[in-house]
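Accompanying notes for the structure given below.
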Amino acid sequence: MEKIKIAIQKSGRLSEKSLNLLTECGIKVSNGDRKLRTDARNFPMEILFLRDDDIPQYVEQGVADIGILGENEVWEKDKEVDIIEKLGFGNCRLSLAIPKDEQYTNINYFQGKRIATSYPKILSNYFKNKGINVKIEELGGSVEIATGIGLADAIFDIVSTGSTLLMNGLKEAEAIIRSEAVLISNRNLSPAKTVLLEQLLFRIKAYKNGQGKKYVLLNARNEVIPEIVKLLPGMRSPSILPLADEGWSSVHSVISDDDFWEIIDELKRHGAEGILVVPIEKMIQ
Ligand code: ATP
Ligand code: ZN
């Protein structure tokens with residue numbers, strides 16, 4: 001049987017989360033001895049462990065059929081691959097940063113400046129669009145030290161919290177783009193591999209749908225049920241089941257983490273009792 005070959009980062013910020021996503025999709029991967037490739041135990045899938053920078057090229061060439069990596073790398077490498085799905089982890093932004101004592105005005109500040117980055121393509125496209133001339137110094141890594149050693153006036157790099165910038169005497173001047181991990185695909189998958197990709201995607205979506213949501217069960221007197229139902233969005237509408245106790249019902253619904261506490265407080269005010277909140281593992285819509 002044909003297998004689908006997926007490339008994930010060998011070791012780095014996305015490695016564990018990529019493996020975890022496969023696990024959540026019910027795909028068992030053992031990589032105890034850190035091999036370059038391994039077969040999934042219960043899904044026709046081969047996993048290739050690679051440097052993230054190399055994944056777009058391998059997927060374009062079909063060495064791997066699909067891959068998981070940061071959008072930032074996909075844009076920078078600019079290969080002939082399709083972005084299939086955003087995965088909701090590895091979130092970061094790419095920002096321009098300058099020495100912290102500099103006075104930042106606006107983007108024209110960068111006119112004529114030397115900027116160090118590992119993302120020359122994204123950066124030069126950005127400034128070309130703005131009609132601003134800059135000199136780009138391409139570096140493989142440790143970009144944040146470039147201003148300190150006099151190699152550049154500014155840097156363009158990944159920022160997640162800003163503490164690395166601060167440690168290097170820099171401040172964020174401008175956030176240029178946001179990125180997260182994505183699933184990419186080769187453009188000429190065989191029909192059999194396309195089916196496998198669809199299966200994987202179905203599972204990924206079910207997992208993602210459940211993320212950030214809770215299942216809520218509560219009891220309330222029948223008179224207040226209409227008020228309570230208004231507070232609960234649910235997938236369609238909440239389920240309402242009569243309780244053995246005359247005049248009482250049980251209400252079941254799904255709510256998102258974002259408005260969780262607010263909704264719970266409202267529910268209590270409207271007479272909900274015995275509120276039970278349960279994590280959701282998967283949700284198929
Ligand atoms: P490799 O050895 O595979 O080339 P790397 O050093 O290029 O690894 P990592 O630092 O592991 O890459 O980051 C991988 C991806 O994680 C980044 O391309 C980005 O999409 C994402 N990411 C999320 N937050 C951060 C962060 N704070 N710093 C760096 N990358 C981040
Ligand atoms: Zn890399």
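The values are calculated or read from the model by the stated rules, or taken from the named source; none is laboratory data. Since the structure is predicted, the reported quantities are computational estimates derived from the model, not experimental observations. Cβ: placed from backbone, ideal geometry, glycine included. Neighbour counts: every protein chain shown.
Using the structure shown, decide if N222 is at pLDDT 90 or above and within 32 Å of the chain's Cα centre (by Cα). Give the derivation first.
Values: at pLDDT 90 or above: yes; within 32 Å of the chain's Cα centre (by Cα): no.
So N222 does not fit the description; no.
State yes or no: is S30 surrounded by fewer than 19 Cβ atoms within 10 Å (Cβ to Cβ) and within 16 Å of ligand 2 (Cβ to nearest atom)?
Working: surrounded by fewer than 19 Cβ atoms within 10 Å (Cβ to Cβ): yes; within 16 Å of ligand 2 (Cβ to nearest atom): no.
Here the answer is no, as S30 does not meet what is asked.
Check V81, V29, V59 and return the single one that is touching a residue at least 24 places away in the same chain (Cβ under 8 Å), closer than 25 Å to V195 by Cα and touching a helix residue (DSSP H, G or I) at 6+ places or on another chain (Cβ under 8 Å).
Working: V29 fails: touching a residue at least 24 places away in the same chain (Cβ under 8 Å); V59 fails: touching a helix residue (DSSP H, G or I) at 6+ places or on another chain (Cβ under 8 Å).
Testing whether each residue is touching a residue at least 24 places away in the same chain (Cβ under 8 Å), closer than 25 Å to V195 by Cα and touching a helix residue (DSSP H, G or I) at 6+ places or on another chain (Cβ under 8 Å) leaves just V81.
Just one of the numbered conditions (1) at pLDDT below 95; (2) surrounded by fewer than 14 Cβ atoms within 10 Å (Cβ to Cβ); (3) closer than 25 Å to K86 by Cβ is not true of T164; which one?
(2)
Please work out which residue is farthest from K121 (Cα to Cα), limiting yourself to segment 36-62 and to residues that are in a loop (DSSP other than H, G, I, E, B) and within 16 Å of ligand 1 (Cβ to nearest atom).
Keep residues of segment 36-62 that are in a loop (DSSP other than H, G, I, E, B), which gives 36, 40-44, 51, 62.
The next check asks that each one be within 16 Å of ligand 1 (Cβ to nearest atom); those that pass are 36, 51.
Numbers: L36: 29, R51: 19 Å.
My answer is L36.
Table: residues versus (1) among the charged types (D, E, K, R); (2) in contact with a Gly (Cβ under 6 Å, 6 or more places away or on another chain); (3) farther than 24 Å from D53 by Cβ; (4) not in a strand (DSSP E or B).
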position: I132; (1), (2), (3), (4): no, no, yes, yes
position: G141; (1), (2), (3), (4): no, no, no, yes
position: L189; (1), (2), (3), (4): no, no, no, yes
position: L200; (1), (2), (3), (4): no, no, no, yes
position: R203; (1), (2), (3), (4): yes, no, yes, yes
position: Y207; (1), (2), (3), (4): no, no, yes, yes
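Could you identify the single residue in I240, I255, I184, I204 that is outside the structural domain of G62 (by TED's automatic domain parsing), buried (at least 18 other Cβ atoms within 10 Å of the Cβ) and either closer than 22 Å to S18 by Cβ or among the aliphatic types (A, V, I, L, M) (or both)? Lay out the reasoning, then the answer.
On the way: I240 fails: buried (at least 18 other Cβ atoms within 10 Å of the Cβ); I184 fails: outside the structural domain of G62 (by TED's automatic domain parsing); I204 fails: outside the structural domain of G62 (by TED's automatic domain parsing).
Of I240, I255, I184, I204, the one residue that is outside the structural domain of G62 (by TED's automatic domain parsing), buried (at least 18 other Cβ atoms within 10 Å of the Cβ) and either closer than 22 Å to S18 by Cβ or among the aliphatic types (A, V, I, L, M) (or both) is I255.
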